[in-house]
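Accompanying notes for the structure given below.
The values are calculated or read from the model by the stated rules, or taken from the named source; none is laboratory data. Keep in mind that this is a model prediction, so the values were computed, not measured. In this analysis, Cβ positions are derived from the backbone assuming ideal geometry, glycine residues included, and neighbour counts consider all displayed protein chains. Surface areas here come from the heavy atoms of the whole protein model, side chains and all, with no ligands, DNA or RNA. Shrake-Rupley method; radii C 1.70, N 1.55, O 1.52, S 1.80 Å.
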Amino acid sequence: MGVTATTSWRPTDTDEVAAALADARAADQAVEIRGAGSVLDRLPGGDEPTITTRGLDGIVAHVPEDLIVTVRAGTLVRELAGELAAHGQECPIEPIGEDGATVGGRLATALAGPRQLGAGRVRDWVLRVRFVTGGGRAATAGGVTVKDVTGYDLCRLMTGSWGTLGIITEVTLKLRPVPRHPRWFATEAPDPQVFRRLYRPAAVVTTAARTHVLLEDHPDDTAAQAAAAGLAPAESPVLPATARAALDPAAVAGFLAEVGREEIGPDGTLEVASQDQLGLCHLDGTAGAIRTARAVAERHGGRLLVLDPALGVPAFGPGHGPGPLTRRVAAALDPDARLAPWRWER
Amino acid sequence: MLRRRQRAAGPSGAHAPRHGDVGEDRSLTPAETAVLERLRAVLDTTGLQAGLRTGHFGRATYRRDASFLNADPLAVALPQTIEQTAAVLRACREHGIPVTPRAAGTGLAGGATPTGEGGARPVVISVARMDRLRELDVANRRAWVEPGLVNARLGRAAAAHGLRFAPDPASQLAATLGGNVATNAGGIHVLTYGVMSQHVLAVELMDLEGEVHLLDGRAPEQGGLDLRGVSVGSEGTLGVVVGACLRLLPAPPAVGTLLAGFPSLEAAAATVAALVTSERLPDAIELMDARAIELVEGYAQAGYPQHAAAVLLIEYEGLPAGVTEGVATAARLAAEHGASEVIPAADAAQRARIWKGRKAVAGAIAKQAPDFYLQDVVVPRSRLGEMLDAVVAIGEREGLTILNVVHAGDGNLHPFVLFDRREPAMLERVFAAGHDIVATALRLDGTVTGEHGVGIEKRDFLGQVFDEDDLAVQKAVRDALEPTRLANPDKVLPTTVGCLEARMVPEGAWV
Ligand SMILES: Cc1cc2nc3c(=O)[nH]c(=O)nc-3n(C[C@H](O)[C@H](O)[C@H](O)COP(=O)(O)OP(=O)(O)OC[C@H]3O[C@@H](n4cnc5c(N)ncnc54)[C@H](O)[C@@H]3O)c2cc1C
């Protein structure tokens, strides 16, 4: 296959993934790996050679009594969720926003949803990953049991690797029963510390107007918790989606205080919703304000991702750049920098 | 391979010329002599609290962990500070001497056994003296610890603030948090809380140049590659864990515990499957078979039903209504699957007694048999019944007493093989049984270790779990992170193919 700037491959199995990579190597091209585009469409770029995972579709095995599911990487998260819900189960790594993410993309970006506060990180739900490295090796890491310390934990390495080490082709996830009684509540005024009056809430999001809390417990427990913490039933919060700053939770208060004080330009606007205990802030704002917020986040040891190419601010900041150990690992698995070498520069 | 171990394990070199080291009982290579010289400059060599041990007796207690695999180290270094640790590693690195990181030595896979590639004798670097709780950050619910801090000590410190550290390996009174990080330890309550890695927010990993890398996972996303995750469970092969930031959770307001006795293993296993697919997952499901029940009852008087073929210990934690509902559901499911007795713990004292039985297994065994060999395999939960039957059959075939203690909710079996090593040909039978247990788990889509680690013991099984490409990728990652190949070499990844039995069998004197 001749490779042009708009070449794209739609492999349907591991061999075809390896073949696509071999094509790219033959033409000395680097490639982007694309799921449904729910994140990539919000990054600058878009005309590079692409391997799409959508041809790697479908649930491979779901054994409800094992509480695990194996699914091919191009399957939409919502399709998977539908299959699981039919058995009263879930994997609490729901997509961010309304767009249809693929399971592979969800893992590769590992962006945190609000329920990651109670449910743990995306990486904690991944039991096995099959992938093809940038160097063209098809490999499996992990296994189909919920506990497994056989070899290095490369599942966690692949989770959050942003398509730079390998192409994820299949994933085995840990499941849990769907909470039967999820309910959103809110305080009257913003109060992220309401968290301290609750036992392990599922999510806590503070907007300019109030703090929203998701409780998923037994209805009697939820009622008692809500009453004790002064919560009233509410809608789920709508989160700003232009940018997201990830920080050590201990640094969030400092970040918010400083962002509030910083100069954001004469026409600047900035709206922030924070998940303080998770360490995540969601932002909408003008370019100057977002740039300022990024600088503040990085000063606090955090990183800020911009998910709106129209803003004219690079998606990734200086802090996202790989450190020396990361470079070594990337060079080991993707020696010719075949996979999205531009990732952190856009 | 066999020959090499014999050299490393036996008191060889007794007649060799001494190299000026008082108490030196073996011949040293120039590099070994040079490295000892460097270590003497860094660590105190005298007295009971010596930070460097090179003599026969000083080395003897560091020949093995809690497994049966043992070897003679070049020396034992017990640094008290990060700076000393760095100096030790740098000295070893410069002279090409391997290092075996070690903490409490409760590991069961030979991970802390000082073997080196090609018969090289490693320096054991024990982190046991770096055991401070650096910071208990109550507001942010986390703790910075030094690697030698014992797991239970963190638990106690956290409890004073209404917090808890979830990973609770049965060895938690002795095992350290550094060892727990290095092995990705599990425990009883990992069913819903997850194994160690889920509770490790950041790792300070020291490489062989003595440089500390902060592998930070405190932010929820955008943190770059999860090298923290790779370092957890790396069994000392990527360097030395010199610090960690660990997540603490609020102590649960309510706890409900249930003890259920069953007339058969199948009935107990079927109850586990029903619990796992029920509307609320218990926080712990432990299974013990008839032999284990009998043994601990005589020892701990935990109140287990005496004629049951199996008991399940089921626990729910959290808010009171949910816990009450969970316990009621579990009692109903146990009864539906033929439980002969269902005993909910009426109060904290009864709950403590129920758990005492589970935690007393190793102690009770010590009263019954001179030796035990503890296996660790995992199968998908739906295959648990099949796996338990197979273990029973293997015990019968080899004429061995095998007790089953199972983290049933996770499908993680810990068969204890009881034996007396003085009986002729006994070890061969024990290891044959161990080998069959592992092979059976593999056949049932399971894996060779769920929490104890690969170390040396399970290393040669990796070729049955992973194919060549899988292992090549693992090796590429290891070599990228630890290019010197001096950190606990000979562990985790197989070096050559085959010779499995030979490596399972311990050689040399047993300490
Ligand atoms: C009776 C009994 C019950 C047990 N129950 C459980 C259980 O329920 N769950 C469970 O998971 N395990 C269990 N274990 C196994 C063992 O306790 C764990 O593997 C534990 O995590 C080991 O900790 P340690 O401090 O003893 O480490 P060690 O045994 O000293 O070392 C273990 C491994 O980690 C490496 N290592 C240690 N410290 C460091 C460091 N600072 N940096 C780098 N590498 C290091 C060593 O090289 C070795 O490979 C049990 C063991 C016994 C004897």
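Does the stretch A:141-149 contain at least one residue that is in a strand (DSSP E or B) and basic (Lys, Arg)?
no
Here is a list of conditions, (1) surrounded by fewer than 23 Cβ atoms within 10 Å (Cβ to Cβ); (2) within 24 Å of B:Asp347 (Cβ to Cβ); (3) of a type in the set (A, V, I, L, M); (4) modelled with pLDDT under 95, and B:Val255 meets all of them except one; can you say which number that is?
Of everything listed in (1) surrounded by fewer than 23 Cβ atoms within 10 Å (Cβ to Cβ); (2) within 24 Å of B:Asp347 (Cβ to Cβ); (3) of a type in the set (A, V, I, L, M); (4) modelled with pLDDT under 95, B:Val255 misses just condition (4).
Does at least one position in the stretch A:333-342 carry a residue that is more than 13 Å from chain B (Cβ to nearest Cβ), of a type in the set (Gly, Ala, Ser) and within 21 Å of the chain's Cα centre (by Cα)?
Among the residues of the stretch A:333-342, at least one is more than 13 Å from chain B (Cβ to nearest Cβ), of a type in the set (Gly, Ala, Ser) and within 21 Å of the chain's Cα centre (by Cα), which makes the answer yes.
Can you give me the ranges of the strands (runs of 3 or more DSSP E) entirely in the stretch A:10-75 with at least 2 residues that are open to solvent by less than 40 Å² (accessible area, probe 1.4 Å) and assigned by TED's automatic domain parsing to the domain that holds A:Pro95?
Answer list for the stretch A:10-75: A:32-34, A:50-52, A:68-72.
Pick from the stretch B:435-461 the residues that are under 19 Å from the mean Cα position of the chain (by Cα) and part of a helix (DSSP H, G or I): which of them is farthest from the ligand (Cβ to nearest atom)?
The qualifying residue farthest from the ligand (Cβ to nearest atom) is B:His435.
Restricting attention to the stretch B:165-181, which residues are over 17 Å from B:Gly194 (Cβ atoms), modelled with pLDDT of 95 or more and touching a Ser or Thr at 6+ places or on another chain (Cβ under 8 Å)?
B:Ala174, B:Ala175, B:Gly179, listed by residue number.
Suppose we filter the stretch A:171-220 for residues that are more than 12 Å from chain B (Cβ to nearest Cβ), out of contact with any Asp or Glu (no Cβ under 9 Å at 6 or more places or on another chain) and not hydrophobic (A, V, I, L, M, F, W, C); how many remain?
Counting residues in the stretch A:171-220 that are more than 12 Å from chain B (Cβ to nearest Cβ), out of contact with any Asp or Glu (no Cβ under 9 Å at 6 or more places or on another chain) and not hydrophobic (A, V, I, L, M, F, W, C) gives 4.
Determine if the stretch B:147-166 includes at least one residue that is within 15 Å of the ligand (Cβ to nearest atom), under 21 Å from the mean Cα position of the chain (by Cα) and within 14 Å of B:His452 (Cα to Cα).
Within the stretch B:147-166 (the criterion being within 15 Å of the ligand (Cβ to nearest atom), under 21 Å from the mean Cα position of the chain (by Cα) and within 14 Å of B:His452 (Cα to Cα)), the answer is no, since none of the residues qualifies.
Are there any pairs, at least 6 apart or on different chains, whose C-beta atoms fall under 8 Å, with the first in the stretch B:224-253 and facing another protein chain (nearest Cβ under 7 Å) and the second among the aromatic types (Phe, Trp, Tyr) and more than 14 Å from the ligand (Cβ to nearest atom), and if so, which?
B:Pro250/A:Tyr199; B:Pro253/A:Tyr199
Exactly one condition in (1) closer than 16 Å to A:Pro92 by Cβ; (2) open to solvent by less than 20 Å² (accessible area, probe 1.4 Å) is false for A:Asp217; which is it?
Answer for A:Asp217: the failing condition is (2).
Mind counting the residues in the stretch A:106-154 that are open to solvent by less than 10 Å² (accessible area, probe 1.4 Å), more than 8 Å from chain B (Cβ to nearest Cβ) and under 23 Å from A:Ala18 (Cα atoms)?
Qualifying residue count, the stretch A:106-154: 6.
Quick check: anything in the stretch B:195-214 within 13 Å of the ligand (Cβ to nearest atom), touching a residue at least 60 places away in the same chain (Cβ under 8 Å) and within 25 Å of B:Ala362 (Cβ to Cβ)?
The answer is yes, given that some residue of the stretch B:195-214 is within 13 Å of the ligand (Cβ to nearest atom), touching a residue at least 60 places away in the same chain (Cβ under 8 Å) and within 25 Å of B:Ala362 (Cβ to Cβ).
Can you say whether B:Leu333 is in a strand (DSSP E or B) and in the same structural domain as B:Ala267 (by TED's automatic domain parsing), as far as the supplied structure shows?
For B:Leu333, the condition - in a strand (DSSP E or B) and in the same structural domain as B:Ala267 (by TED's automatic domain parsing) - is not met.
Does at least one position in the stretch A:264-280 carry a residue that is in a helix (DSSP H, G or I) and outside the structural domain of A:Pro114 (by TED's automatic domain parsing)?
There is no residue in the stretch A:264-280 that is in a helix (DSSP H, G or I) and outside the structural domain of A:Pro114 (by TED's automatic domain parsing).
Quick one: count up the residues across the stretch A:233-254 that are touching a Ser or Thr at 6+ places or on another chain (Cβ under 9 Å) and farther than 17 Å from A:Pro192 by Cβ.
1
For the stretch A:289-317, give me each residue that is part of a helix (DSSP H, G or I) and open to solvent by less than 10 Å² (accessible area, probe 1.4 Å).
Answer for the stretch A:289-317, where residues must be part of a helix (DSSP H, G or I) and open to solvent by less than 10 Å² (accessible area, probe 1.4 Å): A:Ala289, A:Ile290, A:Ala293, A:Val296, A:Ala297.
Residue-by-condition table, conditions (1) in contact with a strand residue (DSSP E or B) (Cβ under 8 Å, 6 or more places away or on another chain); (2) more than 16 Å from the ligand (Cβ to nearest atom); (3) among the aromatic types (Phe, Trp, Tyr):
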| position | (1), (2), (3) |
| --- | --- |
| B:Pro344 | yes, yes, no |
| B:Lys367 | no, no, no |
| B:Gly385 | no, yes, no |
| B:Leu403 | yes, no, no |
| B:Val406 | yes, no, no |
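When only residues in the stretch B:462-489 that are part of a loop (DSSP other than H, G, I, E, B), among the charged types (D, E, K, R) and over 13 Å from A:Gly151 (Cα atoms) count, which is nearest to the other protein chains (Cβ to nearest Cβ)?
B:Glu482
Which pairs do you get when a residue that is under 18 Å from B:Val190 (Cα atoms), found in the stretch A:115-132, comes within reach of a residue that is open to solvent by 30 Å² or more (accessible area, probe 1.4 Å) and of a type in the set (Gly, Ala, Ser), reach meaning Cβ atoms under 8 angstrom, with the pair 6+ apart or on two chains?
none
Which residues, taken from the stretch B:176-188, are farther than 13 Å from B:Ser231 by Cβ, within 6 Å of the ligand (Cβ to nearest atom) and surrounded by 24 or more Cβ atoms within 10 Å (Cβ to Cβ)?
B:Thr176, B:Gly179, B:Ala185, B:Gly186
Any idea which of (1) farther than 21 Å from A:Arg121 by Cβ; (2) in contact with a helix residue (DSSP H, G or I) (Cβ under 9 Å, 6 or more places away or on another chain) is the one B:Ser231 doesn't satisfy?
The single condition B:Ser231 does not satisfy is (1).
Give the number of residues within the stretch B:375-410 that are over 14 Å from B:Arg443 (Cβ atoms) and not in a helix (DSSP H, G or I).
Within the stretch B:375-410, residues that are over 14 Å from B:Arg443 (Cβ atoms) and not in a helix (DSSP H, G or I) number 11.
So if I check each of B:Gly322, B:Gly318, which one is buried (at least 19 other Cβ atoms within 10 Å of the Cβ), touching a helix residue (DSSP H, G or I) at 6+ places or on another chain (Cβ under 8 Å) and on the phi > 0 side of the Ramachandran plot?
B:Gly318
For B:Val272, are the conditions met, namely being out of contact with any Ser or Thr (no Cβ under 6 Å at 6 or more places or on another chain) and open to solvent by less than 10 Å² (accessible area, probe 1.4 Å)?
Judged against the criteria, B:Val272 is a match.
Among the residues of the stretch A:239-261, are any more than 10 Å from chain B (Cβ to nearest Cβ) and under 25 Å from B:Glu325 (Cα atoms)?
Among the residues of the stretch A:239-261, not one is more than 10 Å from chain B (Cβ to nearest Cβ) and under 25 Å from B:Glu325 (Cα atoms), which makes the answer no.
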